[in-house]
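Everything on this sheet refers to the single structure shown next.
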Ligand code: OOB
């Protein structure tokens with residue numbers, strides 16, 4: 001259903017190789033919960049709660065029965081907007097158990113994003129908190145339901161127990177079919193949903209565990225928003241659960257909050273984006289107020305980690321660093337834990353699977369032998385198309401995914417990420433679509449034209465700069481006015497422009513109309 005299939009010969013190959021094993025997420029939790037050795041172990045904890053595998057499995061059954069009683073049916077899409085807390089894991093697995101499809105919204109998403117996602121997914125329900133960090137999520141969910149006809153149920157994640165019902169049999173999902181919808185980092189204004197199957201995603205989780213050394217003794221800290229692909233599955237919380245280890249969910253990734261949990265739960269591993277890795281490193285260099293000596297691996301990914309920072313992380317935090325270059329569409333590259341330190345600190349690693357195929361091409365799709373080029377890939381856990389046929393340009397004629405990332409392969413076989421073509425800004429792991437922000441800016445009456453580009457930032461790596469031609473040059477809109485306008489339009493906070501440069505005109509290239517893409521390149525340069 002709604003998954004662009006892999007070519008049959010590739011699918012056969014992945015099955016024959018034992019990569020796709022016909023297991024579902026629900027099978028995974030059931031087997032851990034019902035296993036006499038794993039059942040009593042702690043599966044998931046947050047600052048307030050802790051659940052064993054057996055408890056989790058049992059509560060998921062009761063919640064699934066409750067969701068079914070509410071009217072959630074197999075294949076229905078359920079939009080989740082849940083912060084890092086135990087209830088996230090309960091809700092996700094209960095949605096799996098009724099054979100419905102989780103759609104992974106982020107707590108920072110606001111009306112424009114959630115409406116877009118709910119509409120594209122035809123979501124029937126939203127599960128979110130009443131309020132979180134001072135924001136009224138109930139009002140947001142109600143606003144989404146008022147605009148998206150398919151949404152019939154609003155479920156309060158703080159009160160899941162009120163739905164609990166006697167467990168019933170919901171049947172078994174087809175492992176080769178759609179399991180959930182993940183969100184793309186986005187290079188356009190239209191939200192693109194990423195259909196992932198049980199087979200493909202669970203393969204990536206198992207393989208990640210092998211590479212990252214995840215076992216039943218692993219305590220994985222979800223410091224980043226857990227709905228994101230990196231803390232979800234690289235190896236993330238699913239890796240830890242698949243291995244029978246423990247997941248600890250931090251309400252905030254800042255050292256003052258996260259390290260308390262690290263100390264209490266003896267956390268062994270976590271994944272961070274570069275700005276957080278810098279904060280953790282600098283805090284530790286000044287002397288940590290908590291005992292974080294249980295940490296043995298810190299992963300950094302989501303955006304390019306500066307080499308200088310990479311070299312400081314291991315010594316400061318007493319850990320092995322692992323760089324992770326991945327994407328919700330599939331491909332994930334890791335430096336290996338035993339790679340030479342120079343490779344770990346200066347590259348973004350290599351694909352997790354021997355079955356991942358990579359090619360580096362120029363802007364015409366022609367192979368590049370030396371030097372940087374655009375990365376394209378296909379493999380056993382990389383999608384062949386977005387949900388509902390969106391974003392066809394992102395796939396080459398033969399179905400390979402065009403990542404948009406500019407990379408270089410070094411002699412060791414590791415990738416070095418050089419940047420992107422300028423279609424989006426990577427603010428320390430949070431992606432801003434230039435096109436989406438430009439569309440918003442153009443809606444402001446004071447803006448005659450706008451081009452959004454990335455400018456270097458010492459902390460975030462990149463930040464957003466909007467070049468604006470004012471409708472009335474005598475009274476150009478200020479940064480504050482523009483930020484308020486974009487926020488009021490319902491965009492997540494991280495998408496507001498960091499700076500605005502008012503210009504009289506955009507650079508001309510002499511020959512007629514200049515494409516926005518070209519303008520972005522000229523202005524960024
Ligand atoms: C991860 O996933 P997304 O979907 O939010 O963003 C993917 C994009 C990549 O195409 C690349 O542009 C950028 O994020 N990126 C990196 C990077 N890791 C991701 N750029 C440079 N260096 C890195 N290490 O961000 C994601 C998904 C799974 C695991 C890790 C990250």
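Can you pull out every residue in the range 402-425 that is in contact (Cβ under 8 Å) with a residue 12 or more places away in the chain and not in a strand (DSSP E or B)? Can you show your working first?
First, the residues of the range 402-425 that are in contact (Cβ under 8 Å) with a residue 12 or more places away in the chain: 402-410, 412-425.
Answer for the range 402-425, where residues must be in contact (Cβ under 8 Å) with a residue 12 or more places away in the chain and not in a strand (DSSP E or B): 410, 412, 413, 414, 421, 422, 423.
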**Request:** Could you tell me whether any residue of the range 368-380 is at pLDDT 95 or above, touching a helix residue (DSSP H, G or I) at 6+ places or on another chain (Cβ under 6 Å) and within 14 Å of the ligand (Cβ to nearest atom)?
**Result:** no
**Asked** In the range 497-519, is there at least one residue being at pLDDT below 95, within 16 Å of the ligand (Cβ to nearest atom), crowded, with 19+ Cβ neighbours inside 10 Å and part of a helix (DSSP H, G or I)?
**Response** no
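Going by the conditions given, is residue 363 more than 24 Å from the chain's Cα centre (by Cα) and at pLDDT below 95?
Working: more than 24 Å from the chain's Cα centre (by Cα): yes; at pLDDT below 95: yes.
So residue 363 passes the test.
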**Message:** Just the residues that are within 13 Å of the ligand (Cβ to nearest atom), touching a residue at least 60 places away in the same chain (Cβ under 8 Å) and out of contact with any strand residue (DSSP E or B) (no Cβ under 7 Å at 6 or more places or on another chain), please, taken from the range 277-307.
**Reply:** 302, 306
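Answer yes or no as to whether residue 227 is in contact (Cβ under 8 Å) with a residue 40 or more places away in the chain and buried (at least 19 other Cβ atoms within 10 Å of the Cβ).
On the way: in contact (Cβ under 8 Å) with a residue 40 or more places away in the chain: yes; buried (at least 19 other Cβ atoms within 10 Å of the Cβ): yes.
Criteria met by residue 227.
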**Prompt:** Restricting to strands (runs of 3 or more DSSP E) lying wholly in the range 177-276: which have 2 or more residues that are within 15 Å of residue 383 (Cβ to Cβ)?
**Reply:** 178-183, 193-197
**Request:** Give the residues of the range 3-30 that are in contact with a helix residue (DSSP H, G or I) (Cβ under 6 Å, 6 or more places away or on another chain) and either exposed (fewer than 15 other Cβ atoms within 10 Å of the Cβ) or part of a loop (DSSP other than H, G, I, E, B) (or both), sorted by residue number.
**Result:** 19, 20, 23, 24
**Message:** I'd like to check something: does the range 169-192 contain any residue that is at pLDDT 95 or above, away from the ligand (no atom under 12 Å from the Cβ) and at positive phi?
**Reply:** yes
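Scanning the range 317-336 for residues that are assigned to a loop (DSSP other than H, G, I, E, B) and closer than 30 Å to residue 179 by Cα, which turns out farthest from the ligand (Cβ to nearest atom)?
Pass one, the range 317-336, residues assigned to a loop (DSSP other than H, G, I, E, B): 318-319, 328-329, 335-336.
Those still in the list that are closer than 30 Å to residue 179 by Cα too: 328-329, 335-336.
Details: 328: 4, 329: 7, 335: 10, 336: 15 Å.
So, considering only residues that are assigned to a loop (DSSP other than H, G, I, E, B) and closer than 30 Å to residue 179 by Cα, the one farthest from the ligand (Cβ to nearest atom) is 336.
Does residue 134 satisfy being buried (at least 23 other Cβ atoms within 10 Å of the Cβ) and within 27 Å of residue 431 (Cβ to Cβ)?
The answer is no for residue 134.
The values are calculated or read from the model by the stated rules, or taken from the named source; none is laboratory data. Source: prediction; values computed, not measured. In this analysis, Cβ positions are derived from the backbone assuming ideal geometry, glycine residues included, and neighbour counts consider all displayed protein chains.
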